[in-house]
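Notes follow once the structure below has been shown.
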Amino acid sequence: SVPADASNPDSVVVSVLNISATLGSQAVLPCKSYRMVWTQDRLNDRQRVVHWDVYSKYYGDNKMERLCDMYSAGDQRVYSSYNQGRIFMPQNAFTDGNFSLVIKDVAESDEGTYSCNLHHHYCHLYETVKIQLDITKKAEDANEYWDGEKPVIVALEGSTVMLPCVNRNHIWTERHSEEEQQVVHWDRQPPGVPHDRADRLIDLYASGERRSYGPLFIRQKMNITDTAFALGDFSLRISELESADEGTYSCHLHHHYCGLHERRIYQVSVTEPVREKKVVNLTTHNVAPAIACFPFLLPPDPNVVRGHNVINVIIPESRVHFFQQLGYILATLLLFIVFLIIVILVTRKRRQRGYEYNVKKYGEKDVNLKEFTVDTTDLTQYKSEDIRLDYKNNILKEKAEQARSFPAKNIDLDK
């Protein structure tokens, strides 16, 4: 809890809210408390009541019995005919705060634990005082003492005894001052202004008195309903919001009679309104009818501010479009296959041809192998051997095959 201000140290902050509203709209700052509801009836004040009960073991049934009660604006009521005129409370109990119970001609059946119960329904307060009553037949045994939990009174049989119950708190004694001490007020802090310098907006009392502060236009746009204390709704309504209305607002609930002091804080911000754009979705199977019928789809409205309209025309895909896309894919695949076949054929042809060399002399002259004498005498010893040579062309390979197949002859050209 956070202290609300120095004048009310018991006041606590129960909620902090951030409220954002658009410019020109109405903002409602919710402030509700059912403990502040004014429920006093117009005829009698029945909010305060006192009643005496007794818990007795004399008859062996250990039961709780209501003896009497009294409202602050009514007569006291005794429940048992046996106790009529024998037990009573002071008639001015709610004036001086003395709620003691007087019992005449006490008997053994009066023994038990008595409780004095004070209820304030308006303030939701409940207090109980317990007293033990014992009866004795000897005068010297009459006594009063404290057993650690409650007072004990030992009374002489046949005497008159008074069970004390005194509470002079103003809640139990003041009858007509509740509405004067019940007040709600609203404060406003502009941005950057501390709480102790806040501007007072409204004061509202349970008696019906209302006080508004500030210029006339502020008093007209910021208000609380007249039924606030009847419903417990003290919300502040701000009409026609402006940027100057931003700031920190505080709702103070003070019930001095019941000891209630609460504060609720609201951070109010004003935003620019968002301009709405009309979006029309047209779903059709043909573009031409959609465009032709467009002027009839949006009839002119004199109350609507015209701006930029965004139109989305959605045309579903047909089967022709699907086959067209499929044809593109198949054509691309066919071209790739043809190109692959061409590459394979070219590679095979090059492997079959091998490497060809043009065997020529320098100066572009043909070489005549018959002009050279080949001595093959030294090759006879290698006839039986498998000579493996690498040849640069087919001509040399063929000559070598012939030399190996037929023995060379010595031919004398001079003969």
Of all residues in region 311-329 being surrounded by 10 or more Cβ atoms within 10 Å (Cβ to Cβ) and aliphatic (A, V, I, L, M), the one that is modelled with the highest pLDDT: Leu326
Subset of region 115-133 (residues that are free of Cβ contacts under 8 Å to residues at least 40 places away in the same chain and open to solvent by 20 Å² or more (accessible area, probe 1.4 Å)): Tyr126, Thr128, Val129, Lys130, Gln132
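State yes or no: is His195 modelled with pLDDT under 90 and under 30 Å from Tyr71 (Cβ atoms)? Before the answer, list the steps.
Details: modelled with pLDDT under 90: yes; under 30 Å from Tyr71 (Cβ atoms): no.
When the stated conditions are applied, His195 does not pass them.
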Listing of strands (runs of 3 or more DSSP E) fully contained in region 142-191 that carry 1 or more residues being under 24 Å from Gln47 (Cβ atoms) and at pLDDT below 90: 182-189
Neighbours by Cβ (under 7 Å, 6+ apart or cross-chain): first from region 144-155, assigned by the TED database to the domain that holds Leu133; second of a type in the set (Ser, Thr, Tyr) and open to solvent by 40 Å² or more (accessible area, probe 1.4 Å): Val152/Tyr145
Candidate set: region 198-213, residues that are open to solvent by 50 Å² or more (accessible area, probe 1.4 Å) and in a loop (DSSP other than H, G, I, E, B); chosen: the one modelled with the highest pLDDT: Tyr213
Enumeration of residues in region 261-273 that are surrounded by fewer than 18 Cβ atoms within 10 Å (Cβ to Cβ) and in a strand (DSSP E or B): Gln267, Ser269, Thr271
Flag for Ser115 being in the same structural domain as Val166 (by the TED database) and within 16 Å of Thr173 (Cα to Cα): no
Residue in region 176-189 that is under 30 Å from Arg86 (Cα atoms) and more than 37 Å from the chain's Cα centre (by Cα) present: no
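Using the structure shown, decide if Glu262 is charged (D, E, K, R) and either modelled with pLDDT of 90 or more or farther than 30 Å from Val49 by Cβ (or both).
Working: charged (D, E, K, R): yes; either modelled with pLDDT of 90 or more or farther than 30 Å from Val49 by Cβ (or both): no.
No: the conditions fail for Glu262.
This table checks each residue for (1) in a strand (DSSP E or B); (2) of a type in the set (A, V, I, L, M); (3) under 21 Å from Lys150 (Cα atoms); (4) touching a residue at least 12 places away in the same chain (Cβ under 8 Å).
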position	(1), (2), (3), (4)
His51	yes, no, yes, yes
Tyr55	yes, no, yes, yes
Met64	yes, yes, yes, no
Met70	yes, yes, no, yes
Ala73	no, yes, no, yes
Tyr82	no, no, no, no
Phe94	no, no, no, yes
Asp105	no, no, no, yes
Thr113	yes, no, yes, yes
Of residues in region 17-49 being modelled with pLDDT of 85 or more and part of a loop (DSSP other than H, G, I, E, B), the one surrounded by the most Cβ atoms within 10 Å (Cβ to Cβ): Cys31
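The values are calculated or read from the model by the stated rules, or taken from the named source; none is laboratory data. On a predicted model such as this, the values are computed, not experimentally measured, just so you know. For neighbour counting, all protein chains shown are included, and Cβ atoms are generated from backbone atoms with ideal geometry for every residue, glycine included. To get the accessible areas, we keep the full protein, side chains included, count just its heavy atoms, and leave off ligands, DNA and RNA. Shrake-Rupley method; radii C 1.70, N 1.55, O 1.52, S 1.80 Å.
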